[in-house]
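Participant: Got a structure here, written out as structure tokens. Questions coming.
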Ligand code: C2O
Ligand code: CU
Ligand code: CU
């Protein structure tokens, strides 16, 4: 065994100290827009892309030294893909990361044990309708020096997807390190609508982070004593005290007095945002995870859980010369956790200029596209699935499960290819969990309050109130839904086109990494 020298006083002097977010002045940097990636070549009509995962340093705020990050193509967030419906692309994902992880890996978590190399990566296209071998199965990770080439058919309508790391047991750390980027699919029907576009169509990827004074990322570790119940550094949720948009801490964006389209993504590990504009004006919600709604919905508040997307139009026409803050008031954890403070309540600032550079000819159409509801009677199977958190005697969370099972338990969800199913998510925890299914875009049917204690005693659902319809912004296609605390949430999904192995999971990444993820298999008849 090699000798190890510990010199505590020196370590203490050298080790970075957590940064007080008050030291980062708000709205001083302008909002970066991730660059759109070009293919390397076109082979047999299929554009071929190449993306390399690398380590680098990047300025995330004017007052912060450059931050050591991992990202795609030396940038955080990664480059944006622009794809067209029906035009497949292929992407070679190359792992060129260092061989040591710089964030606290917990080797007691599923798939992150000592035997596995510490640095593993695999890319998932979130919201993609893709064959299983290109979906980025959590166990299909590859190590530095290796690559995987995935085919994305883009056989789906215009919608805002994103890609991010999905390696088993360390997804929360890899995404926190910077491994995430955007992927927009466009189609002719959406293009014909004359929505704001070009410089008036802006992606907003919202993520929270915490820093040390030397600019490095701070990721929390458990302060509970090591015991069989708490064997490692895993924490049940990580919340940053600084809010970044497109990789910049509290940026600002100069806007003209005209309409804008914002593609809002929550790319945070665990933080929910309840967004509003300090001007009190509404967002006109035009789309959800899976693309356009049927009609725009005016909403002054937008609750966005991790991995959810909201597509909105905001009209700055009558606000010349005003500075408008984009704010958040969601508790963390949501809904019963700590309230926001003066820092986490701020997301970014819009600075409305006095003049437009050209006339605003874009429109907000009263009708966007038909979104037919899937009829409940078309479902051939109803699945009841519980969400459970495990805690120690002092109520400290030690893990969480879907239907009482771990990642390694045998597959229990195996829908027939081409069939329609209704899933009832029975939330027995104190928190809301964003539940995500790979492969499909589904619809939210309703949420209904129920008696949790009665369920725990008898495994019978006793409803305590009427079912509530989805929020107006949830009436389109979704791939991630808030399974609300105290409610049974129902979704309806059609499992089409591809048979094989996928996953469904909670998109709070700390939960996903600690057993709140299950494989599922679409079975060909
Ligand atoms: Cu956004 Cu399975 O993930
Ligand atoms: Cu996904
Ligand atoms: Cu969860």
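Read-outs: derived from the displayed coordinates by stated rules, not from any lab. None of the values given here were measured: they were computed from a predicted structure. Heads up, the Cβs are rebuilt from the backbone with ideal geometry, glycines too, and the neighbour counts pull from every protein chain shown.
Participant: Would you mind telling me the antiparallel percentage of the DSSP bridges in the chain, rounded to 5?
Facilitator: Restricted to the chain, the bridges split so that about 75 percent are antiparallel.
Participant: Full extension from residue 378 to residue 460: what is 0.36 nm times the residue separation minus their Cα-Cα distance, to one decimal in nm?
Facilitator: Contour length minus the Cα-Cα distance gives 27.1 nm.
Participant: Okay, moving on. If we count other beta carbons within 10 Å of each Cβ, what is the order of 80, 143, fewest first?
Facilitator: Least to most surrounded, the residues fall as 143, 80.
Participant: Give, in nm to one decimal, the length gained when the segment between residue 118 and residue 371 is fully stretched (0.36 nm per residue of separation minus the Cα-Cα distance).
Facilitator: 86.6 nm
Participant: Further, regarding this structure: Which peptide among 47-56, 224-233 comes first, and what is the full order, when sorted by highest mean count of other Cβ atoms within 10 Å?
Facilitator: Result, highest mean first: 47-56, 224-233.
Participant: Report the rotationally averaged projected area of the chain based on its alpha-carbon convex hull, in square nanometres.
Facilitator: 26.0
Participant: Now for a different question. Fewest Cβ neighbours within 10 Å first, please rank 295, 99, 67 accordingly.
Facilitator: 99, 295, 67
Participant: I would also like to ask the following. Output the relative contact order of the range 1-155, whole-number percent, from Cα pairs under 8 angstrom with separation of 6+ residues.
Facilitator: Worked out over the range 1-155, it gives 20 percent.
Participant: So, one more: Cα centroid distance between the range 350-373 and the range 308-343, in Å?
Facilitator: So the separation of the two Cα centres works out to 20 Å.
Participant: Under a plain spin-label model, where a point goes 7 Å from the Cα along Cα-to-Cβ, how far apart in nm are residue 43 and residue 392?
Facilitator: Rounded to a tenth, the inter-label distance reads 5.2 nm.
Participant: Sorted by average packing, counted as other Cβ atoms within 10 angstrom per residue and highest first, what order do 426-436, 156-166, 330-340 take?
Facilitator: 156-166, 426-436, 330-340
Participant: If you take the beta carbon distance between residue 50 and residue 28 as r and set R0 to 35 Å, what does 1/(1 + (r/R0)^6) give as a FRET efficiency, to the nearest 0.05?
Facilitator: Taking R0 as 35 Å, the efficiency between residue 50 and residue 28 is 0.50.
Participant: Using the alpha-carbon centroid of each, what span in Å lies between the range 375-438 and the range 77-109?
Facilitator: If you average the Cα positions of each part, the centres end up 26 Å apart.
Participant: Same structure, new question: Whole angstrom only: what separates the Cα centroid of the range 477-523 from the Cα centroid of the range 110-176?
Facilitator: Using only Cα atoms, the two centres lie 16 Å from each other.
Participant: Another question, if that's okay. Is it possible to state the helix-based mean residue ellipticity at 222 nm for the chain, with each DSSP H run of 4+ residues giving -39500 (n - 2.57), the sum divided by total residues, to the nearest 500 deg cm²/dmol? What is it?
Facilitator: Estimated from H runs of four or more residues: -1500 deg cm²/dmol.
Participant: Let me ask something else about it. Residue 345 to residue 151: extension gain in nm, 0.36 nm per residue of separation minus the Cα-Cα distance?
Facilitator: Taking residue 345 through residue 151 to full extension adds about 65.9 nm, to one decimal.
Participant: Of all DSSP beta bridges in the range 164-300, what percent run antiparallel (nearest 5)?
Facilitator: For the range 164-300, the DSSP antiparallel bridge percentage is about 70.
Participant: Going by average Cβ density within 10 Å per residue, which order do the peptides 179-188, 18-27, 352-361 take, highest to lowest?
Facilitator: Final packing ranking: 179-188, 18-27, 352-361.
Participant: Let me ask something else about it. Taking the Cβ of each residue in 150, 176 as the centre, tally the other Cβ atoms inside 10 Å and list the residues starting with the fewest.
Facilitator: Final ranking by Cβ density, sparse to dense: 150, 176.
Participant: Just to verify a number: FRET efficiency for residue 35 and residue 214, C-beta to C-beta distance, R0 = 35 Å, to 0.05?
Facilitator: 0.80
Participant: Also: When DSSP assigns beta bridges and you keep just the ones with both residues in the range 30-164, what percent turn out antiparallel, to the nearest 5?
Facilitator: The antiparallel proportion sits near 75 percent.
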